[in-house]
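See below for the structure under consideration.
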Amino acid sequence: MAGSPRRAAGRRLQLPLLCLLLQGATAILFAVFVRYNPETDAALWHSGNRSSSDNEFYFRYPSFQDVHVMVCVGFGFLMAFLQRYGFSSVGFTFLLAAFALQWSTLIQGFFHSLHGGHIHVGVQSMINADFCAAAVLISFGAVLGKTGPAQLLLVALLEVLLFGVNEFVLLSLLGVKDAGGSMTIHTFGAYFGLVLSRVLYRPHLEKSKHRQGSIYHSDLFAMIGTIFLWTFWPSFNSAPTMLGDGQHRTTLNTYYSLTASTLSTFALSALVGEHGRLDMVHIQNAALAGGVVVGTSGEMMLTPFGALAAGFLAGTVSTLGYKFFTPVLEAKFKLQDTCGVHNLHGMPGVLGALLGVLVAGLATHEAYGDGLGSVFPLVAEGQRSATAQAMYQLFGLLVTLTFASVGGGLGGLLLRLPFLDPPPDSQCYEDRIYW
Amino acid sequence: MAGSPRRAAGRRLQLPLLCLLLQGATAILFAVFVRYNPETDAALWHSGNRSSSDNEFYFRYPSFQDVHVMVCVGFGFLMAFLQRYGFSSVGFTFLLAAFALQWSTLIQGFFHSLHGGHIHVGVQSMINADFCAAAVLISFGAVLGKTGPAQLLLVALLEVLLFGVNEFVLLSLLGVKDAGGSMTIHTFGAYFGLVLSRVLYRPHLEKSKHRQGSIYHSDLFAMIGTIFLWTFWPSFNSAPTMLGDGQHRTTLNTYYSLTASTLSTFALSALVGEHGRLDMVHIQNAALAGGVVVGTSGEMMLTPFGALAAGFLAGTVSTLGYKFFTPVLEAKFKLQDTCGVHNLHGMPGVLGALLGVLVAGLATHEAYGDGLGSVFPLVAEGQRSATAQAMYQLFGLLVTLTFASVGGGLGGLLLRLPFLDPPPDSQCYEDRIYW
Amino acid sequence: MAGSPRRAAGRRLQLPLLCLLLQGATAILFAVFVRYNPETDAALWHSGNRSSSDNEFYFRYPSFQDVHVMVCVGFGFLMAFLQRYGFSSVGFTFLLAAFALQWSTLIQGFFHSLHGGHIHVGVQSMINADFCAAAVLISFGAVLGKTGPAQLLLVALLEVLLFGVNEFVLLSLLGVKDAGGSMTIHTFGAYFGLVLSRVLYRPHLEKSKHRQGSIYHSDLFAMIGTIFLWTFWPSFNSAPTMLGDGQHRTTLNTYYSLTASTLSTFALSALVGEHGRLDMVHIQNAALAGGVVVGTSGEMMLTPFGALAAGFLAGTVSTLGYKFFTPVLEAKFKLQDTCGVHNLHGMPGVLGALLGVLVAGLATHEAYGDGLGSVFPLVAEGQRSATAQAMYQLFGLLVTLTFASVGGGLGGLLLRLPFLDPPPDSQCYEDRIYW
């Protein structure tokens, strides 16, 4: 199928060796650093005088499972729209998620849950690791079909690290709120992937043009991804928020926002479609923008109306992005964005960050009552005004864009190393070279 | 593909304008009326002295998610059995659900959770809205492939309203029990859709006959819908019941009933099939009748045996309905029921209502103990005898059939408005005119 | 299509009559024996002075739902990889699960929850019944495509019985720990199915060779099964463990183990694949071996590193099994194992049992603290040393292998009864004879 015998032999060994090396390294680091936390360790849990039903497991695990389904089923199948790339879309999603979950447990653990030299793990660390895997898969969407699995693993190695740093800067140093990750997950993942794709620009990609579209059944497989993402998104945004009203409110806001982005996506898709026809690409993607756009503000007192308005706007921007902006990005900015992550995660993520700035700036003691401390602890403690919190939120967005761009650039340079083996221009979006 | 240029232009604008209009209207109503309830509002929740773990979220949200998956994944893919209508089946399900969830939040809110002029929303309102969306999607099944998306949105506008009224009459005025909606969801949705389909009768539908069946892969996509519905149905019936034993018992009854309807469906399908062969249509649909038939009685002391017997009967009736009754309905009663909702939701729904009459009539203080107040509060308070409760249940069925029929008829007249644009007889069950 | 008219008539009646007979029998047994347990019965629950939120439902039902999805969606679609056997894979999974759930409720009830002559049912019995159904479906995988539905029901009748006996011997008589069923589910199901397949050896199966592989879309359907199994496996292993830290720790261990088996599967698959290509069969199956291998030890203090190491080993063994061992089994041992259950459930199940021996033997009061009583009650009570517990675990594996082998042999003899009607050698892996 491809290349010279030596090249084939190289490829044959590259992926296995990299998998084994990475797995060996994380396993050693796990042995040295990772320990059960007091809610998972038999001795520690039973040394406290707590009832089984107090275990955090019962409050977070159902949300974790929903997030886990979104990461594996949702992202995997959403990317299976390409006619000849279903195995790779689903399979590499699986591979990347598996690696990112381990590696991110370590990176996030070093930053957030280091106790006495040990990383403590439990349901929260599982949720956080899945969030990081989501960012990696968003970036994957931008280069889908144009990179090999070994390349993707190397990028994930870098991206998980930078994701952890960026998240630490935002959440721990700047005191930014971003439960559902409009910034840390969507904006970061999207712009990392976009810059990566830009660095890997292929001027002769039209050689694979005939494989770049979908066929009837591949679009239906992609809809499996879409609908699972849509259904479970309220759990995604609420998985790491404060227990009680915080989690409850976040699900409600996300639910409303998604209904509105769906309606605006259908409206806009038919409006800009040829002969008023709907476009599957819009429905599969832009309808989900409502989940992205309330990632930051979903836990705040956004109000149900605010959620509808935000979702409506996100669906509109995303659909118009697919129609008008993606072709321009490719033609003018040499940005080949296979899944249109700029439209689903990039712009809605930035919008979501800005919405967070707005809603944080409007926070009052009256609206949040004694709950202000749960949502904006620094404001409740009087360390910051609501306006200052808003400014920090805005600064968090700029930090995220910086980390994402620099990271994507570094990733791109890494992938241009000559011994790595990308598919040739004429074999992009093609399963047969890997399966 | 279709019609004159003006007609195409009309269609081009109809769906977008309707989406925008409906979204605009619900958004304004949300702004005026919809507020977080005391479990979702930061100030209200924290003003009570309650532990986070008391929040209703932790008792109802997992059920909500299961219901949400059933509505979006289950119904959407179940209807994807048609060979050339998968995009529309899944896509319009998505659109209808998104709109119905918003609109029903308002309608059900006006009837059930108006406090000081405001509708209070939380996990219960999300469950209720999803239930209403399910009824709308059941009706969609009867006219699948024969209506356009703008038509469907208009029908949903009417149906959600009547669903709310009917539900209010049954649950609030008549004190009828119907947690899983044998009456309010299945019977209502089915007969609404059937009368709608009757009014929209197409004498020349045979022009699209060749597209009306399934192909191999479309049947497998439909099985995704079936199995998700089957798996999560215990959560559906139990989502709104009383906490504790009520919810627990309902899941158990539904689980048993579904196993029995599956066995009777396989038995009957092979018995009436050519050469003893099984029919995918039966397995995809009739096997689910066990969930429908215990919608009313699932929370009652039906007994595990009762659940098996009910499920067995429902699977039998439903399979025989597909084999013998559907052709008669079409030939003699001009009733073109694309998905056979009469067999899956209509007859099993009525059976479920009647089973509710029976089990309610048999309720004793001995069998329910102090739990009688949870299941039949009016009987426990001595305001009604069990027999009277049974009579109210029966009356509730008649009310439902009336509302459904009148509503379906009105819906049909609405859809015959000349400027609406149904697919021509030769283009039914065809994605290409919309996608 | 098939056989003489009399044979066709026989087949026509065999499946329906068997379904009706089995359903009739279980229904009668349900009427006589099965009753709501104190958590599901209205009178019993309300006679206690308990809060609704104490009901076990809220601690186990989300896990149950995840297990239920795995059994129905996971197993069903995983077996849908065959190009012309998707209907049967998904449909017979559905039929077998429905029957096994009922029958196993009775069998397991007789062994584990008989109170005053009545079997008490609730969420735990639902989880247990689903576990038994999983074992039946594992066995189904070994004979997939070579047996008819009536044959499968008869085998299930026998297998559920033996599953219950084996489980009773291990858990109740020997005091063996096996929450996630490395022994009781995976080893038992796999070797039962393998011996069954051996007894039903078909020397001329190559007549159906052309239908034995997958095609592009059928592999994608199978990936639906894989990913659902992978995602929800942490819930599977933890569903029946002790509440609190036990359940929490089990999910964590399973999650890590699965990530490692995924990485080792990708590594090994590419290493042994032609030109370094990955093999869908490996990814679909071997990546799941990490869930199987921690079925016994997942609730123990395996440590996160231990989970990674176990998963890595299981993925490696399983992938190598598919590549090198399956062809030998077929050629030398006349073992036709359609789904390769020996590689996914057999070897990893045995490994998991041995890992349980090791981890149990290493249990100390120091590592488990006061939690030792939850994991190893007999060790905590001083009735056994950790070493003795390890020996019992090992003995449990031998008992399981014995029951499975004898059971599979008996099942094979049963299925060779002349009036049962297997597909001819030339019609294996073919839906058309049943659908």
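The values are calculated or read from the model by the stated rules, or taken from the named source; none is laboratory data. All figures in this text were calculated on a predicted structure; none of them were measured in a lab. For neighbour counting, all protein chains shown are included, and Cβ atoms are generated from backbone atoms with ideal geometry for every residue, glycine included. For the accessible areas, the whole protein counts, side chains as well, though only heavy atoms, and no ligand, DNA or RNA atoms are used. Shrake-Rupley method; radii C 1.70, N 1.55, O 1.52, S 1.80 Å.
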Review point. What part of the accessible area of segment B:174-299, given as a whole %, is carbon or sulfur when the probe is 1.4 angstrom?
Key: 59 percent
Review point. Short version: ³J(HN,Hα) in whole Hz for each residue of segment C:170-183, in order, from phi by Karplus 6.51 cos²θ - 1.76 cosθ + 1.60 (θ = phi - 60°), x for Gly and Pro, what are they?
Key: 5, 6, 8, 7, 8, x, 7, 9, 7, 3, x, x, 3, 8
Check your understanding: Which value, in Å², gives the accessible area per residue of segment B:7-148 when a 1.4 Å probe is used on the protein heavy atoms?
Key -> 25 Å²
Review point. Once the principal axes of the Cα atoms of segment A:287-410 are found, what is the range along each, listed largest first in whole angstroms?
Key: 51, 34, 16
**Study point:** Within a Gaussian network of chain A (alpha carbon springs, distance under 10 Å), most fluctuating of A:A42, A:A353, A:A390
**Key:** A:A42
**Study point:** Volume in Å³ per residue [convex hull over Cα atoms, computed for segment A:1-111]
**Key:** 136 Å³
Review point. So which residue, out of A:N37, A:N49, A:N166, gets the largest mean-square fluctuation from a GNM of chain A using Cα contacts under 10 Å as springs?
Key: A:N49
**Study point:** Inter-centroid distance (Cα atoms) of segment A:191-238 relative to segment C:260-305, Å
**Key:** 26 Å
Review point. For segment A:271-337, with only Lys/Arg (+1) and Asp/Glu (-1) charged at the beta-carbon, what is the dipole magnitude about the Cα centre, in debye rounded to 20?
Key: 140 debye
Practice item. Hey, could you grab the Kirkwood Rh for segment B:227-332? Inverse mean 1/r over distinct alpha carbon pairs, Å, one decimal. Key: 13.8 Å
Exercise for review: Distance between Cα centroids, segment B:383-435 to segment C:408-435: provide it in whole Å.
Suggested key: 46 Å
Study note, to complete from the structure: With the full set of protein chains present, the residues of segment A:245-264 whose 1.4 Å probe accessible area falls by 20 Å² or more relative to the chain alone are A:D245, A:Q247, A:H248, A:R249, A:T251, A:L252, A:Y255, A:Y256, A:T259, A:T262, A:L263
Check your understanding: Running Debye on chain B with equal point scatterers at the Cα sites and no solvent, what base-10 log of I(q)/I(0) appears at q = 0.07, 0.10 Å⁻¹?
Key -> -0.33, -0.67
Study note, to complete from the structure: In a Gaussian network model of chain B with springs linking alpha carbons closer than 10 Å, the residue among B:Q102, B:Q383, B:Q65 that fluctuates most is B:Q383
Practice item. Provide Rg over Rh for segment A:46-139; use the alpha carbon set for both Rg and the Kirkwood Rh (inverse mean inverse pair distance). Key: 1.09
Review point. Pairs A:K146/C:K209; B:K177/B:K334; B:K207/B:K323; B:K209/C:K146; B:K207/B:K334; B:K177/B:K332: which are spaced more than 27 Å apart, C-alpha to C-alpha?
Key: A:K146/C:K209; B:K177/B:K334; B:K209/C:K146; B:K177/B:K332
**Study point:** Total accessible surface hidden between A and B, rounded to 100 Å², 1.4 Å probe
**Key:** 5800 Å²
Practice item. Provide Rg and Dmax in Å for the protein assembly as shown, with only Cα atoms included in the calculation. Key: 28.8, 88
Check your understanding: For segment A:91-164, what mean projected area does the convex hull of the alpha carbons give, in nm²?
Key -> 4.6 nm²
**Study point:** chain B: DSSP helices with Cα axial extent of at least 30 Å and average Kyte-Doolittle hydropathy no lower than -1.0
**Key:** B:5-33, B:86-112, B:123-143, B:216-238, B:245-272, B:386-415
Point to revise | For segment C:190-250, average projected area of the Cα convex hull in nm² | key: 6.4 nm²
Check your understanding: What is segment B:81-214 by shape, rounded, prolate or oblate, if you read a ≥ b ≥ c off the alpha carbon gyration tensor as root eigenvalues and call it rounded for a/c under 1.5, prolate for a/b larger than b/c, and oblate otherwise?
Key -> prolate
Review point. What does the convex hull of the Cα atoms come to per residue for segment C:358-435, in Å³?
Key: 178 Å³
Point to revise | Nonlocal amide H pairs with A:V34, under 5 Å, H built at 1.01 Å | key: A:I119
Exercise for review: Identify the residue of chain A whose Cβ lies closest to the rotation axis that maps chain A onto chain B, and give that distance in whole Å.
Suggested key: A:P62, 3
Revision key, fill the gap. Over all pairs of different Cα atoms in segment B:160-214, the reciprocal of the mean inverse distance gives a Kirkwood radius in Å of 13.4 Å
Check your understanding: How many nm separate the modelled label positions at A:E206 and A:K332, each set 7 Å beyond the Cα in the direction of the Cβ?
Key -> 2.0 nm
Study note, to complete from the structure: Taking every other residue with Cβ under 15 Å from the Cβ of C:A42 and scoring Lys and Arg +1, Asp and Glu -1, one gets -2
Review point. Carbon and sulfur: what percent of segment B:327-435's accessible surface (1.4 Å probe)?
Key: 67 percent
**Study point:** Alpha carbon centroid spacing (whole Å) that separates segment B:327-341 from segment C:114-138
**Key:** 41 Å
Point to revise | Nm distances between copies for C:P203, ranked from closest, using label points 7 Å along Cα→Cβ | key: 6.7, 6.7
Practice item. Can you list the distances in nanometres, one decimal and ascending, from the A:D54 label point to the identical position in each other copy, with the point 7 Å along Cα to Cβ? Key: 1.7, 1.7
Review point. Which one of B:F94, B:G291, B:H115 has its Cα pushed farthest toward the positive end of the charge dipole of chain B, where Lys and Arg give +1 and Asp and Glu give -1 at the Cβ?
Key: B:F94
Revision key, fill the gap. The Cα radius of gyration of segment B:140-232, divided by 2.2 N^0.38 Å with N its residue count, comes to 1.34
Point to revise | chain B, relative contact order [Cα under 8 Å, separation at least 6], % | key: 22 percent
Study note, to complete from the structure: For segment C:238-278, the convex hull over Cα atoms projects on average to an area in nm² of 3.1 nm²
Check your understanding: How far is C:E330 from the same spot in each other copy, in nm, shortest first, if each label point sits 7 Å from Cα toward Cβ?
Key -> 4.2, 4.2
Review point. So for the protein assembly as shown: antiparallel DSSP bridges make up what percent, rounded to the nearest 5?
Key: 50 percent
Practice item. Divide by every residue of chain A the summed helix terms, -39500 (n - 2.57) for each DSSP H run of at least 4, and state the resulting mean residue ellipticity at 222 nm, rounded to the nearest 500 deg cm²/dmol. Key: -20500 deg cm²/dmol
